[in-house]
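Accompanying notes for the structure given below.
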Amino acid sequence: MEYTTVLIVLALVFGFYMAWNIGANDVANAMGTSVGSGALTFKRAVILAAILEFAGAFFVGSSVSDTVRKGIVDPIIFAGDPQAFVLGMLSALLAAGVWLQIASYFGWPVSTTHSIVGAIVGFGVVYGGISAVEWGGVGKIAASWIISPLMSGTISFIIFQIVMNRVFYRADPVAAARKFTPYMVFIVLGIMTLVMVFKGLKNLHLDLSFPSALGVASIVGLLGAGVSILLLRRYKTDDSLEEQRQARELYTTRAMQRALKHLARARQAADSDEQSSIDAVMKETRALTDTSVKRANLGSSNSEFRQVERIFIFLQILTACFVAFAHGANDVANAIGPLSAAVQTIQDGVVAAKSVVPMWALALGGVGIVLGLATYGWRVMETVGKKITELTPSRGFCAEFGAATTIVIASKLALPISTTHTLVGAVLGVGLARGIGAINLTTVRDIAISWVITIPAGAILAIIFYKTLDFFF
Amino acid sequence: MPVNAMARLFGRSPFVPLQLHLDKISDCVEASVALLERICAGDTSNIGEEARAVSKLEHKADLVKNDIRNSLPRGLFMAIDRGQLLEILSLQDSIADQGEDIAVLMSIRPVKILADLSEPLKEYIEGNLHAFHKVKEVMRELDTLIESGFGGKEANKVDAIIEEVAIAEHECDIMQRKLMKSVLDHEEELSVGDFFIWQQLLREIAGLSNYSEKLANRVRMLLTLK
């Protein structure tokens, strides 16, 4: 009894450690973009992220969790030796967590998903040989890692082109943005609701068939769109402020010009010594006048785009929430899959081939992610937010939309993918459509390299931990 | 703390440094033109000193140019093509060179101002400067251009300014032809050296509008026009 309690405690601790790591390192990417573009204050971003990560993990987290615990190494192999299975899952959790911490210490862009998959493959190979691993499933997962950034990039590219054509290229971009917003709200909320209620949690009666799920999603989407129309109507684009500013600049310019005229008169009356010092003053005044003329003339189109971006701030908050939700849905599995597999095997004494992910485990994963965000992730979010100022709300919206849609589709297909890589792919998509000033492709190369290194690193660490645990128990 | 992958993904946008470069060039051109206008007014004192000041300004612009070139690693993917960016940079640089050449030429021998050539020359200088100011306007729109995705109303607006640069350049060509004729009309009053300086000067000044037009046309290639 005591012995199994120790194992359960270990499983909970390791699973929680892994979830903490995910919250500490990855969540920042989802919300950091919105902080960077000024769409959300830092505090609000943290709170929203916490809520949506939890919701994603709790409502949609189960299918990917199933893949992680059953789809990589076949549990049947361990039927005669449940303890090996438990220890293997424990060492995989520990290995992935440790590797993440090492990587984040050095600033390597590694993925939580890649580490856990590598770790599980590692202990599977050591225990049952090459054939213990379900290579078909692993191949499918690996393929999804390549496809997901491509897909998110494509979606972002297309959505950015649509935004350009429907909003920015229009004669009146502000009015076009107002018209465009409700449709996007409908789509985002619709997809989010759809993934929640279509074949969702049975215990909460959220397992609707596709047509009724689609119906519910449309209703929620329509409601959201309606609310957004009301909000937009109340939201005044402050033309008056802009006019005031221009009037002020105009006044400044005229006053400066008058000053110049008086200076010129003074210069005529002055002796040569004074003249040269007056010349210096005049030169400065002229420069000042020039800048105020420049500012007064700043084309109205400039402020127009600023107003459009301000409308996109609302949309970006929505997609940022969508990313956090999707992230919770996909990445919580990395902690919860192995954890629940281990705990259930300990409790039942046998390796169950068929079992559902318990709700308490999903909740635990959600709490772990939120704690990781609260204790450490907020610092990462702050730096990400400060660095990403190039991403305006409209670009952020497109990138996040592409990434989140890809991630929730993958979650529904039970494929564990990397949120960060998907988001990077989405940003590249917007960049390819000439939406972003400059993108460092060296970073993309670094990501590809750490992609390759992470899998063997996770595997080797898992093997070491497995051998160690095996020695003690 | 190590920098997060997302944060490292974004590079420094090249447009602001590009505009900074043009501002420095503007200082150089304005100083050079001011010197020339002084000579037109008959004041030929301290030309050597001022030409050196213009050279210094040109050097400052060069420093910015080198800085931009150094900060464009191969791995940087930009909203505009790398090659086009470098061409824009080198055209801007040519305008600065032109400004410097005018000042240096005047320090070798100030142009001999004949009574009825002074006004047309001033007009000619103004015309070239106008083309340069217009292209500066174009470059100032780059920020907004990237905001609007290089298309739509904003692109049309920039396109219109580019057209103005082209017209200004054309007008300068006509003025140059007329001025050259007038200079030849005064054949007897000019030494070979003076004549040479006149001819050189007109060419150097024309360079201002010529390169401005080329620069504007480069920017035109970035636009998505419908």
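Bear in mind that the values in this text are calculations on the coordinates, not laboratory data. Keep in mind it's a predicted model, so treat the numbers as computed, not measured. Cβ atoms come from the backbone with ideal geometry, glycine included; neighbour counts cover every protein chain shown.
Quick notes on this one:
- Residue of B:ILE95, B:ILE25, B:ILE167 that the Gaussian network model of chain B assigns the largest fluctuation, springs spanning Cα pairs under 10 Å: B:ILE167
- Unit charges at the beta carbon, dipole of chain A: most positive-side option, A:LEU413, A:LEU461, A:MET164: A:MET164
- Within segment B:132-226: Cβ-based charge dipole about Cα centre, in debye rounded to nearest 20 (Lys, Arg +1; Asp, Glu -1): 500 debye
- Cβ crowding within 10 Å, taken as a proxy for footprinting-reagent exposure, orders B:VAL54, A:VAL185 from fewest neighbours to most as A:VAL185, B:VAL54.
- Remark: the protein assembly as shown carries a charge dipole of roughly 2420 debye about the Cα centre, counting +1 on each Lys and Arg Cβ and -1 on each Asp and Glu Cβ.
- Exposure proxy ranking for B:LYS65, A:LYS283, based on other Cβ atoms within 10 angstrom of each Cβ and starting from the fewest, stands as A:LYS283, B:LYS65.
- Across all directions, the shadow cast by the convex hull of segment A:30-151 built on its C-alpha atoms averages 9.5 square nanometres.
- Put in order of Cβ neighbour count within 10 Å, fewest first, the listed residues A:THR405, A:THR41 become A:THR41, A:THR405.
- Cross-link reach list, aspartates and glutamates versus A:LYS140, counting only Cα pairs under 18 Å and skipping chain neighbours closer than eight places: A:ASP66, A:ASP74, A:ASP331
- Environment charge of A:VAL35, counting only residues whose C-beta is closer than 11 Å and scoring Lys/Arg +1, Asp/Glu -1: +3
- For a straight C-alpha distance cut-off of 16 angstrom, the lysines reachable from B:LYS178 (same-chain residues fewer than eight places away being disregarded) are B:LYS122.
- Dipole of the protein assembly as shown computed with +1 at Lys/Arg Cβ and -1 at Asp/Glu Cβ about the Cα centre; of B:LEU215, A:VAL216, A:TYR235, farthest Cα towards the positive end is A:VAL216.
- Across the options A:MET89, B:PRO73, A:GLY139, the greatest Cα extent toward the positive end of the charge dipole of the protein assembly as shown (unit charges at beta carbon of Lys, Arg, Asp, Glu) belongs to A:MET89.
- Highest-MSF residue in chain B out of B:LEU36, B:LEU117, B:LEU145 [GNM, Cα springs under 10 Å]: B:LEU117
- Anisotropy class of segment A:140-225 from Cα gyration tensor, a/c 1.5 cut: oblate
- Under 16 Å from the Cα of B:LYS214 - aspartates and glutamates, other chains or at least 8 residues apart: B:GLU87, B:ASP93, B:ASP97, B:GLU137, B:ASP159, B:GLU163, B:GLU164, B:GLU169, B:GLU171, B:ASP173, B:GLU204
- Its Cα gyration tensor gives the protein assembly as shown an equivalent ellipsoid, and the semi-axes of that ellipsoid, as √(5λ) in whole Å with the largest first, are 66, 26, 21.
- Seen through its C-alpha gyration tensor, with square-root eigenvalues sorted a ≥ b ≥ c, segment B:13-220 comes out prolate because a/c lies at 1.5 or above while a/b is bigger than b/c.
- Calculated FRET value between A:ALA247 and B:ALA53, using beta carbons and R₀ = 41 Å, to 0.05: 0.55
- For chain A, complete DSSP H runs whose alpha carbons reach 27 Å or more along their own long axis and whose mean Kyte-Doolittle score is -0.5 or higher are A:2-25, A:82-106, A:135-163, A:173-197, A:210-234, A:300-348, A:393-412, A:441-472.
- Here the relative contact order of chain B, from alpha carbon pairs under 8 Å that lie six or more residues apart, stands at 28 percent.
- Segment A:244-284, dipole about Cα centre (Lys/Arg Cβ +1, Asp/Glu Cβ -1), debye to the nearest 20: 440 debye
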